[in-house]
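Rule-based calculations on the coordinates, nothing more; no lab input. Predicted model only: the values in this text are computed from it and were never measured. Don't worry about glycine lacking a Cβ; one is built from the backbone with ideal geometry, like all the others, and counts go over all protein chains shown.
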Amino acid sequence: MVAGGAIDRVSNLPDHILHHILSFLDTKSCARTSILSRGWTKLWKDVVEFDGLSRLPDYILHLILSFLSLQSSGRTSILSRRWANLWKGAPDVLTTVRAIDFRTAASFQNLLSSLRSHRSTVTVRRIGFQSRRVMEKEYKMFDMLMEYAASAGPDQPLQVLTLDANQCYPFYRMTDSITRYGHHKSLTALKLTAAPLYASADLCLTALTTLELDHCDLNYDAFAGLPCLSSLKMVCCDSRRSPLRVFGPQLLNLEIGGGDWRRSCSFSQLYAPKLERFWLDGHAPEVCYLLKDVEFASLARASVRLDCTQVDDMCMFREPAFRAFLRGLRNAESLELRCFEVTVCLPLCYFG
């Protein structure tokens, strides 16, 4: 009975129906139901166990957790008993490690020890690390991360690494960690953001096939230690210190985007006899400055795409240097020119 003599029909419902009703409320509103009666005191605490998300199998929940940062993933441990250690079992729980989330390297070491003790076997295929230029702490944390990945053994090597270096210098201290634990022999995909690649030894990864660079400073021989590289993407990179040399005997895909090529970067050599796709996005008319000294024999088999959708001054298309650049592409397999919302496939003889 409730106030006024009315019958409390809700409280007479089975627990599984009440759990379903409470699952539509937020945690704070659920907790407030505990004051209704003795029967409701602990009822709300079990709601998380009956929500739709928690009914999913572990491997799906692990996939969902892999999209969260390490800190956010760890916070799910307070949801219920089942979630207490669920995040520790996710194979991709280390895909987003932010140095700023840890005050000291020791606290990060404690977390890795907890992960190692919880799992019967360490499974790490993908790792992401975001630096914030607190130099010594960052280097120690990254070294611990590489050591932890190596503990998985040769049967489960690290294959994908995403690293936001945030101009940590010298960068070779991070690549030394990759080499020290043998990841240079297994790593097949690498994405670097804001990495100062000033020395040719900064990248020496014998198994790497895919490299993506975003706002990186490059030196002359930045790609000399990548014999198996098949895909290279560069966005807003800079090589003001010296012209850039790309020697890629296995290179199939080359994509360059963003940046002010007129001022920042130029190629002195582009050797890619197997190149199949060559995309220039963002500021295509300015690539004549980027590739002014390049021999175009490497593009004989390539499909070329020039994206000019971000160009404001259409007069740049009339510049002799740009027309000379297009004439150099006459041996390419095809040319696709994108201007604003229009895509045109032009015969290369048009620019002769």
By average C-beta atoms within 10 angstrom, highest first, the peptides 69-78, 34-43, 138-147: 138-147, 69-78, 34-43
Report the local net charge at S107: Lys and Arg +1, Asp and Glu -1, summed over other residues whose C-beta lies under 11 Å from its C-beta. +1
Between C228 and R173, what is 0.36 nm times their sequence separation minus the Cα-Cα distance? Round to one decimal in nm. 17.5 nm
Using a simple spin-label model with points 7 Å from Cα along the Cα→Cβ vector, what separation in nm is obtained for R301 and R38? 8.2
Label points 7 Å out from Cα along the Cβ direction at S151 and A207: separation in nm? 2.0
Sites H20 and I60, calculated FRET efficiency, Cβ-Cβ separation with R0 25 Å, nearest 0.05: 0.75
